[in-house]
1. Given the structure, is Ser137 more than 17 Å from Gly194 (Cα to Cα) and hydroxyl-bearing (Ser, Thr, Tyr)?
2. How many residues are buried (at least 20 other Cβ atoms within 10 Å of the Cβ) and of a type outside the set (Gly, Ala, Ser) when one looks only at the stretch 175-200?
3. Could you tell me which numbered condition Glu156 fails, if it satisfies all but one of (1) over 24 Å from Asp353 (Cα atoms); (2) charged (D, E, K, R); (3) out of contact with any His (no Cβ under 6 Å at 6 or more places or on another chain)?
4. When only residues in the stretch 222-233 that are surrounded by fewer than 16 Cβ atoms within 10 Å (Cβ to Cβ) and modelled with pLDDT of 90 or more count, which is nearest to Cys143 (Cα to Cα)?
5. So Gln283 fits all but one of (1) polar (S, T, N, Q); (2) over 26 Å from the mean Cα position of the chain (by Cα); (3) under 26 Å from Ala182 (Cα atoms); what number is the exception?
6. Small (Gly, Ala, Ser), over 30 Å from Gln86 (Cβ atoms) and either in a loop (DSSP other than H, G, I, E, B) or more than 20 Å from the chain's Cα centre (by Cα) (or both): which single residue out of Ala400, Ala431 fits that description?
7. Scan the helices (runs of 4 or more DSSP H) fully inside the stretch 189-253 and keep the ones with 3 or more residues being touching a Lys or Arg at 6+ places or on another chain (Cβ under 9 Å) and outside the structural domain of Tyr458 (by TED's automatic domain parsing).
8. Condition (residue is touching a Leu at 6+ places or on another chain (Cβ under 9 Å), within 30 Å of Asp190 (Cβ to Cβ), in a helix (DSSP H, G or I) and not aromatic (Phe, Trp, Tyr)) applied to the stretch 344-360: is it met by at least one residue?
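The values are calculated or read from the model by the stated rules, or taken from the named source; none is laboratory data. Quantities reported herein were computed from a predicted structural model and do not represent experimental measurements. So basically every Cβ, Gly included, is an ideal-geometry build from the backbone, and we count neighbours across all protein chains shown.
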Amino acid sequence: MTSISPPPVAIGMAGQDEGRRSPDMPPPRTPQISPSARVPELLSLAAAHEQAGQLNDAEEALTQALALAPQHPGVLHLLGVVRFKQGQIEHAVRLMERSITVSPETALYHRNICEVYRTIGRSDDALAAGRKAVALSPGDPHCHHNLGVIHYHRLELDDAISCAERALALDPGLAGAHFGIAEASLLRGDFRRGWEEYEWRFRLVTAPKLMPPTDRPQWDGTPLGKGKLLLVADQGYGDVIQFARYIPWVVTRCSEIAVACSSEIRDVITQQSGVGMTFDHWQSGPDFSAYCPLSGLPRLCGTTLETIPAPIPYLHADRQKAAVWSERLSGLVPAGYRRVGIAWAGRPGHVNDHNRSTTLSAFAPLAELSGLALISLQKAPGQAQIGTYWGRAPLVNLGAEIVDFGDTMAILDSLDVLVTVDTAVAHLAGAMGKPVWLMLPFAPDWRWLLDRADSPWYPTARLFRQTVAGQWGPVTAAMARELADAPTACH
């Protein structure tokens with residue numbers, strides 16, 4: 001969603017020539033500013049606050065402006081934007097729709113609300129708003145880009161790419177449009193174009209600054225000789241797990257490798273042969289000749305659907321940890337019960353979390369099966385839902401005891417199957433060669449491709465897809481039927 005910059009407003013006072021005032025003339029009155037004249041000033045101030053991420057300050061200024069001008073479309077719309085960013089989605093929609101009622105020909109309002117509609121699952125309304133924005137302002141590349149995003153989430157990939165290309169014809173440097181082409185291309189298996197466009201991810205406004213502060217070059221994939229290569233674990237945990245498989249390929253071209261990564265993911269990185277050291281702060285890193293983001297390795301390797309390196313497993317649980325967790329689970333799970341790991345939510349701050357995550361209650365069809373125990377690997381705020389669980393199957397909550405991915409791998413070693421939404425633990429199970437049943441939204445992340453129940457990235461994965469956006473019931477019902485038909489083993 002884009003920020004809103006109100007049109008420039010000139011505010012000034014006329015000069016007064018007191019030297020020519022007659023002594024018998026009454027003194028000049030202090031100029032009175034009408035309440036409505038303050039609205040542009042407040043709107044400009046609020047826009048500056050919103051762009052700086054100071055949402056409470058923006059809200060305060062807009063509330064004052066709205067009291068002075070209850071039907072001002074710019075105030076209504078920007079307050080809707082602020083409410084959206086504050087997570088007050090329903091209120092945001094009402095405000096933005098009011099702004100469109102007052103000023104229906106303002107393209108920016110339609111351009112913004114189409115993203116809000118998409119977020120709350122009103123796909124048809126989002127499409128109509130996106131098309132209206134383009135019709136009103138065909139020369140605005142952001143209108144075409146936003147419409148392309150709508151088409152992507154409707155899985156209308158040809159249209160998504162066409163919209164992005166029209167945006168780039170107007171603004172060749174629009175990073176979001178390039179990234180939109182990357183995701184659509186990768187999702188339908190066009191890796192050649194997808195990897196090249198994927199390089200634009202670091203130019204996105206929302207992209208974190210994860211590359212090293214250096215004047216050293218980014219590695220181009222050619223042999224480095226005696227120089228040291230710095231690999232950067234630049235994206236989420238799932239991405240790091242997925243792309244760690246490329247490290248052995250890198251070793252054939254670079255004799256010395258160091259990896260910048262968070263401590264939580266170190267157990268994954270250090271299992272890859274050829275890694276000399278890992279570190280989690282730039283000041284503790286070594287000298288290096290070149291660097292490369294881990295997510296850039298598939299492009300350098302020339303990966304296609306047919307050549308995805310899949311030396312499964314390339315991750316293993318620590319034997320001692322696995323033994324400890326095996327004994328613990330034996331004391332928690334009734335003998336003879338199948339152990340089904342579950343995770344229903346990813347990291348809340350993820351840009352697509354509302355689309356990929358669900359709730360514990362969505363697992364109700366699994367919870368009603370006999371001879372089965374649910375082993376919760378859920379971390380973060382989602383754990384709170386466990387207090388409302390009343391299913392037939394016993395539920396073992398291990399989330400609070402999991403310290404790192406080493407613990408998670410050890411637990412996965414003792415499970416029959418993992419059932420999870422698209423989050424890092426799915427990648428972990430896949431990289432270990434463990435059975436993992438993955439719940440995918442209607443518009444999945446690009447790595448899961450389209451219209452297939454398997455994954456070329458993880459041969460032991462089974463994919464269960466939404467057929468209607470936002471509807472998890474049929475997905476978990478299908479999983480429950482499959483589990484019921486496999487009473488003794490899931491792999």
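1. So Ser137 passes the test.
2. Of the residues in that region, 10 qualify.
3. (1)
4. Here the answer is Thr222.
5. Result: Gln283 passes all but (3).
6. Sole residue among the options that is small (Gly, Ala, Ser), over 30 Å from Gln86 (Cβ atoms) and either in a loop (DSSP other than H, G, I, E, B) or more than 20 Å from the chain's Cα centre (by Cα) (or both): Ala431.
7. Output list reads 191-198, 237-243.
8. Scanning the stretch 344-360 turns up at least one residue that is touching a Leu at 6+ places or on another chain (Cβ under 9 Å), within 30 Å of Asp190 (Cβ to Cβ), in a helix (DSSP H, G or I) and not aromatic (Phe, Trp, Tyr).
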